[in-house]
Amino acid sequence: MDILLVVSAFNSLSQRVYAELSDQGHHVDVVLASHGADAVRAAVRDVRPELIVAPMLKSALPEDLWQEHTCLIVHPGPPGDRGPSSLDWAIAEEAPEWGVTVLQAEAAMDAGDIWADGSFRVPPAGKSDLYRNEVSDAAAGAVLLAVRRYADGSFKPRPQSDPGISVVWRDSFRQEQRRIDWENDSTETAVRKLRGADSQPGVLDELCGREVFLHGGHPEDRLRGRPGELLATRSGAICRATRDGAVWIPELRPRKSSGDPAPFRRPAASVLASLPAPPGSGPGMPGSN
């Protein structure tokens with residue numbers, strides 16, 4: 001079967017789906033949605049695919065495409081889940097189990113008929129690890145099943161109006177929901193918030209009087225201090241105290257508007273050392289542990 005992948009980025013999941021479909025004998029082409037709707041339309045005209053699959057898509061497909069072609073969208077949430085921040089909500093709410101759904105594109109976001117789905121246990125891991133492992137495994141399996149069902153021609157996708165599906169809309173997970181309350185949040189809570197934003201978008205916080213994004217987090221076993229206090233550095237990471245312990249933060253990212261010449265994720269200690277301390281802020285960087 002000739003299949004066209006429409007992706008916002010040829011990331012790990014897109015590559016996984018490409019490889020698995022190719023291994024099944026399908027002829028697979030790829031077009032980046034980030035190049036614009038006209039580029040996607042041109043790819044469809046050139047390839048003339050029998051099926052369009054979007055393993056990772058941040059923008060809506062052009063309406064004329066999903067009206068004229070069967071377009072399958074991979075959504076990182078169980079059947080009935082809708083919204084742009086599914087994995088963020090799964091981690092924040094400590095869901096023991098989550099899923100992925102392959103659904104047909106239509107006008108309403110994530111509301112199309114379901115061609116396949118898969119589920120997985122949610123481990124205590126960062127969002128990026130969860131995406132590259134459990135989500136990727138479930139999504140690849142669901143895509144292969146959906147493609148087989150489409151090729152067979154007899155499968156009727158399941159509408160989300162089915163009484164057995166509970167539809168839940170989840171809004172974008174905002175920074176105010178990610179923010180760590182260093183005075184009151186436990187280490188467990190702080191780590192969960194950090195893991196839920198480890199790759200993107202990070203947790204907005206303030207250090208040395210400057211706003212930065214925190215990326216990644218791991219609990220500290222022994223060090224303790226006043227909540228919010230910077231306790232130590234190690235291998236480029238910084239350790240910050242919570243109300244009942246401490247967490248290690250491996251990377252920081254300055255705001256683009258901060259004036260920092262390199263406003264991207266870098267080792268936390270390096271970014272912190274480059275931030276000018278405000279007057280009367282007390283001691284600077286803690287010593288290495």
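The values are calculated or read from the model by the stated rules, or taken from the named source; none is laboratory data. Nothing here was measured: the structure is a model prediction, and the numbers come from that model. Reconstructed Cβ throughout: ideal geometry from the backbone, glycine too, with neighbour counts over all protein chains shown. Accessible surface is based on the protein model in full, side chains and every heavy atom, while ligands, DNA and RNA are left aside. Shrake-Rupley method; radii C 1.70, N 1.55, O 1.52, S 1.80 Å.
Residues R253, R195, ordered by accessible area of protein heavy atoms at a 1.4 angstrom probe radius and largest first, appear as R195, R253. Under the simplified labelling scheme, the E188-A60 pair shows an inter-label distance of 4.1 nm, with each label point 7 Å from Cα along Cα→Cβ. Note that the range 253-265 has calculated 3J(HN,Hα) couplings of 9, x, 4, 5, 8, 6, x, 5, x, 9, x, 9, 5 Hz, one per residue in order, obtained from phi through the Karplus relation 6.51 cos²θ - 1.76 cosθ + 1.60 (θ = phi - 60°); glycine and proline are x. Only helices reaching 20 angstrom along their own axis (Cα) with mean Kyte-Doolittle hydropathy no lower than -0.5 count here, and for the DSSP H runs of the chain these are 136-152. Identify the residues of the range 131-170 with backbone N under 13 Å of a label point that sits 7 angstrom from the Cα of M1 along the Cα-to-Cβ direction, or state none. Under cut-off, by backbone N: 142-157. Cross-link partners of K256 among lysines, defined as those whose alpha carbon lies under 27 angstrom from its own and excluding same-chain residues fewer than eight positions apart: K58, K127, K193. Exposure check, 1.4 Å probe, all protein chains in place: R234 carries approximately 110 Å² of accessible surface.
Each Lys or Arg adds one and each Asp or Glu subtracts one; over the other residues with Cβ under 13 Å from the Cβ of A139, this totals -2. Around M109, under 15 Å between beta carbons, what's the net of Lys plus Arg minus Asp minus Glu among the other residues? Computed value for this residue: -3.
Take the Cβ atoms of Q67 and Q15, set R0 to 35 Å, and the FRET efficiency comes out at 0.75.
Note on the range 2-169: Kirkwood radius taken over Cα pairs, Stokes-Einstein applied at 20 °C and 1.002 mPa s, translational D equal to 134 µm² s⁻¹.
Computed from label points 7 Å out along Cα-Cβ, the spacing between S119 and A42 is 4.5 nm. Above 34 Å lies some portion of the pair distances; for the chain, what is it as a whole percent of all C-alpha pairs? That fraction is 32 percent. What the Cβ-Cβ distance of S270 and E229 gives, at R0 = 22 Å and to the nearest 0.05, is a FRET efficiency of 0.65. Straightening the chain between E176 and F155 buys 3.2 nm, computed as 0.36 nm per residue apart minus the Cα-Cα spacing.
Ligands, DNA and RNA excluded, the heavy atoms of F264 present near 120 Å² of accessible surface to a 1.4 Å solvent probe. Here the chain carries DSSP beta bridges of which approximately 70% are antiparallel, counting only pairs with both residues inside. Seen from S128, the other residues with C-beta closer than 13 Å to its C-beta sum to a net charge of -1, counting Lys and Arg as +1 and Asp and Glu as -1.
For the range 56-72 versus the range 232-261, the inter-centroid distance based on Cα atoms is 40 Å.
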